[in-house]
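Participant: Quick one: this structure, given as structure tokens, is what I'll be asking you about.
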Amino acid sequence: MIRRVDLRGMAARYPDDRAPDYRRLVPRAEFDVDAAVDIVRPICDEVRERGVPAILEFSAQFDGVDGTDIVVPPEALARALERLDPDVRAGLEESIRRLRATCEAELEADVVTDLGPGARVTQRMVPVDRVGLYVPGGLAPLVSSVVMNVVPAQVAGVGSIALTSSPQRDHDGLPHPTILAACALLGIEEVYAVGGAQAIAMFAYGAGPCRRVDLVTGPGNIYVVSAKRLLKGVVGIDSEAGPTEIAILADDSAEPAYVAADLISQAEHDPLAASVLVTDSESLIEQVAAELERQVPAAKHSERIRTSLTGRQSGAVLVEDLDQGLDVVNAYAAEHLEIQTRDAAVVAGRVRNAGAVFVGPFAPVSLGDYCAGSNHVLPTAGCACHSSGLSVRAFRKAVHVVEYSREALDDVAGHVVNLAEAEDLPGHAAAVRLRGRER
């Protein structure tokens, strides 16, 4: 079911001053965002020029919903929370509690640096004024993404939060009721029934009752990702988070049933989801393959899972040892990385590139999706080598506040003048000379 890639002996084929390009050799989905940008550009242009009428037309075209408004009324939010299954509510409340605790621990204090008498620079951490949160509602109503987007924004101190999710034909053109219930539970009152690229354009440009935002966060399909790329600069974005992915670094101590179940759990999201096993054990690959043949047919979304697991983006990668395995997973830079090895915590300490690392047999990615206290909005497609997951930090910005007395300016004025003149910017030098002894 899952293809195999043998990387044993690969390093020996390269000169000492080079290394194999494991990022190219490991299974990866074709995800042509640039091509999709050309598709979403006219959609975004229409929303910018015509606003809500354009959004409603796209909702009819892409979601099959003929609506007359994009606003979710307050009574719909209240009704959804009232009808929410008590067990689901309890799960949401615990997820919120745990994530809020880790977010509050992440809050950074202002940093004051005194550089001499009367010379002070303060780095103030300031929340973004207004954010737009995108919650996918396509193949699965990702109610957990409401929590993962909203809680860090609230803890960061964002004053204005708007949230949107795709309109659903089965729910009178509103987002899924569980998503609405989570919004109500978190006190989010500004909610829109808009999905896809048109939702990102609505946030970026403003449309009807939705004022433009400063930052857009949240995962989505290739068209959402492409719209974020296109409009980056018009509006801030968190990342280009595309189809989900899991890598599992395992040795022969791993439980094959656990490994197979975790590969399946990510494949369940999307036919384009990536599930990659990296191991030095041929026996484990055989046992996991047998478990997949047993578990997949019994799964509710077996067809979707099978499509994902048999796609070019998924595979079992055989390596010589865990050292090579670490090289492979660091190059792959997975959204989610599980370590199922002996001394898993020690091995995890050598990981440099991953959106989130799950250590040992009892920390599956599913835990992180809901109730670990971590955030599940994470960089995909190898972006974990330079980007982080969603956190309080994403909703705050650093502002330097510079305070200098006359004496402190005099103390450094000569250096400023010399550097300004070296850059042929005499006006810069004059602005300092006028104020002090450099006159």
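Participant: For region 294-316, which residues satisfy the criterion of being part of a loop (DSSP other than H, G, I, E, B) and over 26 Å from the mean Cα position of the chain (by Cα)? Spell out the reasoning first.
Facilitator: Looking only at region 294-316, we keep the residues that are part of a loop (DSSP other than H, G, I, E, B), and these are 299-301, 310-314.
Hits for region 294-316 are Ala299, Lys300.
Participant: Quick check on my filter: what residues within region 406-437 are under 19 Å from Gly116 (Cα atoms) and not in a helix (DSSP H, G or I)?
Facilitator: Answer for region 406-437, where residues must be under 19 Å from Gly116 (Cα atoms) and not in a helix (DSSP H, G or I): Arg435, Gly436, Arg437.
Participant: Right, here's the next one. Could you say whether any residue in region 344-362 is polar (S, T, N, Q), crowded, with 18+ Cβ neighbours inside 10 Å, out of contact with any strand residue (DSSP E or B) (no Cβ under 6 Å at 6 or more places or on another chain) and modelled with pLDDT of 95 or more? Give the derivation first.
Facilitator: In the first step, residues of region 344-362 are kept if they are polar (S, T, N, Q); the result is 353.
Narrowing the set further to residues that are crowded, with 18+ Cβ neighbours inside 10 Å leaves 353.
Now restrict to residues that are out of contact with any strand residue (DSSP E or B) (no Cβ under 6 Å at 6 or more places or on another chain): 353.
Narrowing further to those that are modelled with pLDDT of 95 or more: 353.
Within region 344-362, one or more residues are polar (S, T, N, Q), crowded, with 18+ Cβ neighbours inside 10 Å, out of contact with any strand residue (DSSP E or B) (no Cβ under 6 Å at 6 or more places or on another chain) and modelled with pLDDT of 95 or more.
Participant: Please determine whether any residue of region 9-31 is at pLDDT 85 or above, surrounded by fewer than 19 Cβ atoms within 10 Å (Cβ to Cβ), over 28 Å from Ser226 (Cβ atoms) and not small (Gly, Ala, Ser).
Facilitator: Checked region 9-31: no residue is at pLDDT 85 or above, surrounded by fewer than 19 Cβ atoms within 10 Å (Cβ to Cβ), over 28 Å from Ser226 (Cβ atoms) and not small (Gly, Ala, Ser).
Participant: Please indicate, with yes or no, whether at least one residue in region 282-293 is under 19 Å from Ala257 (Cβ atoms), assigned to a helix (DSSP H, G or I) and hydroxyl-bearing (Ser, Thr, Tyr). It would help to see each step written out before you state the result.
Facilitator: Taking region 282-293 and keeping what is under 19 Å from Ala257 (Cβ atoms), we get 282-293.
In the following step, the residues that additionally are assigned to a helix (DSSP H, G or I) were identified as 282-293.
Checking which are hydroxyl-bearing (Ser, Thr, Tyr) leaves us with 283.
For region 282-293, residues under 19 Å from Ala257 (Cβ atoms), assigned to a helix (DSSP H, G or I) and hydroxyl-bearing (Ser, Thr, Tyr): present.
Participant: Mind checking whether some residue in region 39-57 is within 24 Å of the chain's Cα centre (by Cα), at pLDDT 95 or above, exposed (fewer than 14 other Cβ atoms within 10 Å of the Cβ) and not hydrophobic (A, V, I, L, M, F, W, C)?
Facilitator: Checking region 39-57: not a single residue is within 24 Å of the chain's Cα centre (by Cα), at pLDDT 95 or above, exposed (fewer than 14 other Cβ atoms within 10 Å of the Cβ) and not hydrophobic (A, V, I, L, M, F, W, C).
Participant: Scan (1) at pLDDT 95 or above; (2) assigned to a helix (DSSP H, G or I); (3) within 21 Å of Ala153 (Cβ to Cβ) for the single condition Val399 breaks and write down its number.
Facilitator: Unmet condition: (2).
Participant: Then there is this: Test of understanding: among Arg41, Arg24, which residue is within 30 Å of Ala201 (Cα to Cα) and among the charged types (D, E, K, R)? Step through it out loud before you land on a result.
Facilitator: Details: Arg24 fails: within 30 Å of Ala201 (Cα to Cα).
Result: Arg41 is the single residue among Arg41, Arg24 that is within 30 Å of Ala201 (Cα to Cα) and among the charged types (D, E, K, R).
Participant: Which residues, counting only those in region 136-166, are modelled with pLDDT of 95 or more and of a type in the set (A, V, I, L, M)?
Facilitator: Val146, Val147, Met148, Val150, Val151, Ala153, Val155, Ala156, Val158, Ile161, Ala162, Leu163
Participant: Further question on the same structure: Restricting to region 331-353, give me the number of residues that are free of Cβ contacts under 8 Å to residues at least 40 places away in the same chain, in a helix (DSSP H, G or I) and closer than 26 Å to His269 by Cβ.
Facilitator: Filtering region 331-353 down to residues free of Cβ contacts under 8 Å to residues at least 40 places away in the same chain leaves 343-346, 348-353.
In the following step, the residues that additionally are in a helix (DSSP H, G or I) were identified as 344-346, 348.
Subsequent filtering for residues that are closer than 26 Å to His269 by Cβ retains 344, 348.
The number of residues fulfilling the criteria is 2.
Participant: If I go through region 106-121 residue by residue, how many of them are closer than 30 Å to Asn375 by Cβ and of a type in the set (Gly, Ala, Ser)?
Facilitator: 1
Participant: OK, next. Counting only residues that are without any contact (Cβ under 8 Å) to a residue 60 or more places away in the chain and assigned by TED's automatic domain parsing to the domain that holds Arg212, give me the helices (runs of 4 or more DSSP H) lying completely in region 1-113 with at least 1 of them.
Facilitator: Values: elements: 22-25, 33-50, 52-58, 74-83, 86-106.
Counting at least 1 such residues, we get 33-50, 52-58, 74-83, 86-106.
Participant: Here's something else I'd like to know. On the basis of being in contact with a His (Cβ under 9 Å, 6 or more places away or on another chain), among the acidic types (Asp, Glu) and crowded, with 24+ Cβ neighbours inside 10 Å, does Glu245 make the cut? If you could, list the steps in order and put the result at the bottom.
Facilitator: Working: in contact with a His (Cβ under 9 Å, 6 or more places away or on another chain): yes; among the acidic types (Asp, Glu): yes; crowded, with 24+ Cβ neighbours inside 10 Å: yes.
Spelling it out, Glu245 is indeed in contact with a His (Cβ under 9 Å, 6 or more places away or on another chain), among the acidic types (Asp, Glu) and crowded, with 24+ Cβ neighbours inside 10 Å.
Participant: I'm trying to understand the selection: among the residues of region 354-371, which are part of a loop (DSSP other than H, G, I, E, B) and within 16 Å of the chain's Cα centre (by Cα)? Full working, then the answer.
Facilitator: Here is the first cut: in region 354-371, the ones part of a loop (DSSP other than H, G, I, E, B) are 354-355, 360-364, 371.
Correct list: Ala354, Gly355.
The values are calculated or read from the model by the stated rules, or taken from the named source; none is laboratory data. These numbers come from a predicted model, not from an experiment. Methodologically, a virtual Cβ is constructed for each residue, glycine included, from the backbone with ideal geometry; neighbour enumeration extends over all protein chains shown.
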